[in-house]
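A.B. asks: The structure's right below; bear with me while I get my questions together.
Values quoted throughout were computed directly from the atomic coordinates according to the rules given, and no laboratory measurement underlies them. These numbers were taken from a predicted model, which means no experiment stands behind them. Cβ coordinates were reconstructed from backbone atoms using ideal geometry, including for glycine residues, and neighbour counts include every protein chain displayed.
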Amino acid sequence: MLKILANKTYAQLFTAQIVALLGTGLLTVALGLMAYDLAGDAAGLVLGGALTIKMVAYVVLSPVANALFGRFNRKHVLIIADLVRALVALLLPFVDAIWQIYVLIFILQTASASFTPTFQATIPDILPDEKDYTKALSLARLAYDLENIISPSMAGLLLTVVSYHWLFSGTALGFVLSMLLIIAARFPAAATAAAQKEQSFKQRLTRGIRIYLATPRLRGLLALNFVASASSAMVIVNTVVIVRGTLSGSESDVAIGFAAYGLGSMISALALPNLLENYSDRPVMMAGATATTAGLTLFGVYLLSGGGIGWTILLVTWLGFGLCYSMILTPSGRLLRRSSHSEDRPALFAAQFALSHGCWLITYPLAGWLGHAAGMGTAMLVLGLLSALALVIGLYVWPRSAGAELEHSHEDLPPDHPHLKTHQGQGTTHRHAVVIDDEHRIWPTQG
């Protein structure tokens, strides 16, 4: 897997991703401590508000940012986004009111809503070989999971010698280093070019969503995104409640619970490159979604029937959820890459970014409210049943044949159209793997 780091440009971008993630991890710890300083026992409400702002920014602003900046050089977009994030991090230590936190977090997450989809859309052009790209997706998943373990440890060590305000400086440093690495990287032409076709703002705003919803495998991916968000919401929202309340554990025990989930995700990410050489994306992702749905539902039934949560049960279940989470989401980049031309990838990745976070915007509050009002068994069962519905929808809208070459007609195209010339000898009716674009506006179903 590490052999792909021999590609200098990818190695620089992967390093940029790591230092930016570490900086973001320090920001999370520092924000929690700042919220407690400003709001005391209401710090949870402040952090909940910040999390909601983050999700709304991701869902609403990611497509808007792509429509505004999608025509610009991708490298320049990444550099400016990192610069904005660094400046916001430097301003955060001077905050003395809660509303200021909300404003600065909104600006920072708006920059992230521009950076992340653009970054993700660039990697397929840098690593055109699908095997290499699959390894890059697994490395990215590992980076996210390791950040969840390393960043709190780094923050703890730093807090023994400096106040939490200095953690924001570490965050800014991470974004600056990321920016410098991106500046130094030599992007191939395909990874820097803006979309070549002139489009109105409305067309740029809706293009990614239109391609996404017109592609069967991506409609299936949206359903599986919901399944993944259901289990991860249960883990992220309720681990502290289960460990500190039900199990009477310590703060370090909460970290162990999260670590079990992260370990499962890392094990899966390490195994996926070899697994995806022998199996296509659909069965792997469906298997992960099926196991997640079964885990949520059965655990919910077990708790509602009087079963108790023990440490072993919790850790094994969280480990399993982590395994399945990575099985569902790690291959998603391959689907997006296969479903778009290079010039449309930023728009499509922005659509995935917005729609997937829309799922979390539903499951986060649902997991928290149900767990508090009706108990963990009910929360598990409801999320399991909703996941089952999403899984059935995914199986229906993403048929096995969706990735095959499909016969279709272009009666609306003139005989000398470049697309027809590409398939010379076949006339207006021909067969090839379909990607939604200006020549293929709907998915062919009957040939």
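A.B. asks: Can you tell me the 0 to 90 degree angle between the C-alpha axis of helix 165-184 and the longest principal axis of the chain, rounded to 10?
C.D. replies: That works out to roughly 20 degrees.
A.B. asks: State the answer as a single residue: which of Ser340, Ala294, Thr317 lies farthest towards the positive end of the charge dipole of the chain, with beta carbon charges of +1 for Lys and Arg and -1 for Asp and Glu, about the Cα centre.
C.D. replies: So the residue we want is Ser340.
A.B. asks: Continuing with this model, one more query. Quick check: the distance between the Cα centres of region 201-236 and region 267-307, to the nearest angstrom?
C.D. replies: 19 Å
A.B. asks: Distances longer than 27 Å among the Cα atoms of the chain: what percent of all pairs is that?
C.D. replies: 56 percent
A.B. asks: Considering every pair of different Cα atoms, what Kirkwood radius, in Å, is found for region 7-146?
C.D. replies: Its Kirkwood hydrodynamic radius stands at 16.3 Å.
A.B. asks: So, one more: Length gain on complete extension for the stretch Ala184 to Ala6, per 0.36 nm per residue less the alpha carbon to alpha carbon distance?
C.D. replies: 62.5 nm
A.B. asks: Right, another one. Hey, what did region 215-399 get for relative contact order, percent, Cα under 8 Å, at least 6 apart?
C.D. replies: 45 percent
A.B. asks: Now a separate question. What order do you get for Leu319, Leu391 when you list them from fewest to most C-beta neighbours inside 10 Å?
C.D. replies: If I rank by nearby Cβ atoms, fewest first, I get Leu319, Leu391.
A.B. asks: Ok, one more. With no solvent and one equal point scatterer per Cα, compute the Debye intensity ratio I(q)/I(0) for region 94-154 at 0.20 Å⁻¹ and report its log10, rounded to two decimals.
C.D. replies: Cα-only, vacuum Debye calculation for region 94-154: -0.92.
A.B. asks: Which value, to two decimals, describes the C-alpha radius of gyration of region 122-186 once divided by 2.2 N^0.38 Å?
C.D. replies: Here the answer is 1.47, to two decimals.
A.B. asks: Return one number: the angle in degrees, 0 to 90 and rounded to the nearest 10, between the long axis of the Cα atoms of helix 8-39 and the longest principal axis of the Cα atoms of the chain.
C.D. replies: That works out to roughly 40 degrees.
A.B. asks: So if R0 is 41 Å, what FRET efficiency would Leu385 and Glu277 give, r being the distance between their Cβ atoms, rounded to the nearest 0.05?
C.D. replies: 0.75
A.B. asks: For the chain, which longest stretch is free of loop sites, where a loop site is one of the GluC sites (Glu not before Pro) that DSSP puts outside H, G, I, E and B and that has at most 16 other Cβ atoms within 10 Å?
C.D. replies: 199-404
A.B. asks: How much length would be gained if the chain were fully extended between Ala433 and Arg244, taking 0.36 nm per residue of separation minus their Cα-Cα distance, in nm to one decimal?
C.D. replies: Separation in residues times 0.36 nm, less the Cα-Cα distance, equals 62.8 nm.
A.B. asks: About the Cα centre, and with charges only on the beta carbon of Lys, Arg (+1) and Asp, Glu (-1), how big is the dipole of the chain? Nearest 20 debye, please.
C.D. replies: Approximately 460 debye in magnitude.
A.B. asks: A follow-up question, please. Counting only chymotrypsin sites (Phe, Trp or Tyr not before Pro) that are in a DSSP loop and have at most 16 other C-beta atoms within 10 Å, tell me the longest site-free stretch of the chain.
C.D. replies: Longest stretch, sites excluded: 73-278.
A.B. asks: Taking the Cα centre as origin and putting +1 on Lys and Arg beta-carbons and -1 on Asp and Glu beta-carbons, what dipole magnitude results for region 1-92, to the nearest 20 debye?
C.D. replies: Magnitude of the dipole: close to 620 debye.
A.B. asks: While we're looking at this one, here's another question. To the nearest 10 degrees, how steep is helix 251-278 against the longest Cα principal axis of the chain, on a 0 to 90 scale?
C.D. replies: With rounding to tens, the tilt is 20 degrees.
A.B. asks: Right, here's the next one. Return the Cα extents of region 215-399 along principal axes one, two and three, sorted largest first, each rounded to a whole Å.
C.D. replies: For region 215-399, the Cα spread along each principal axis is 52, 30, 25 Å.
A.B. asks: In nanometres, what is the gap between the two model label sites at Asp253 and Leu90, each 7 Å from Cα along Cα-to-Cβ?
C.D. replies: So the label points at Asp253 and Leu90 sit 4.4 nm apart.
A.B. asks: If you don't mind, there's one more thing I want to ask. Quick check: residue separation of Glu130 and Tyr36 times 0.36 nm, minus the Cα distance between them. What number comes out in nm?
C.D. replies: 29.2 nm
A.B. asks: Can I ask one more? How long are the three semi-axes of the equivalent ellipsoid of region 282-325, in whole Å, if each is the root of 5 times an eigenvalue of the C-alpha gyration tensor, listed from largest down?
C.D. replies: 22, 12, 4
A.B. asks: Compute, for region 53-188, the length of the dipole vector about the Cα centre, with Cβ point charges of +1 (Lys, Arg) and -1 (Asp, Glu) only. Units Debye, rounded to 20.
C.D. replies: Here region 53-188 has a charge dipole of around 240 debye.
A.B. asks: Right, here's the next one. I need Arg338, Arg345, Arg400 ordered by Cβ neighbour count within 10 Å, fewest first.
C.D. replies: By the 10 Å Cβ count, ascending: Arg400, Arg338, Arg345.
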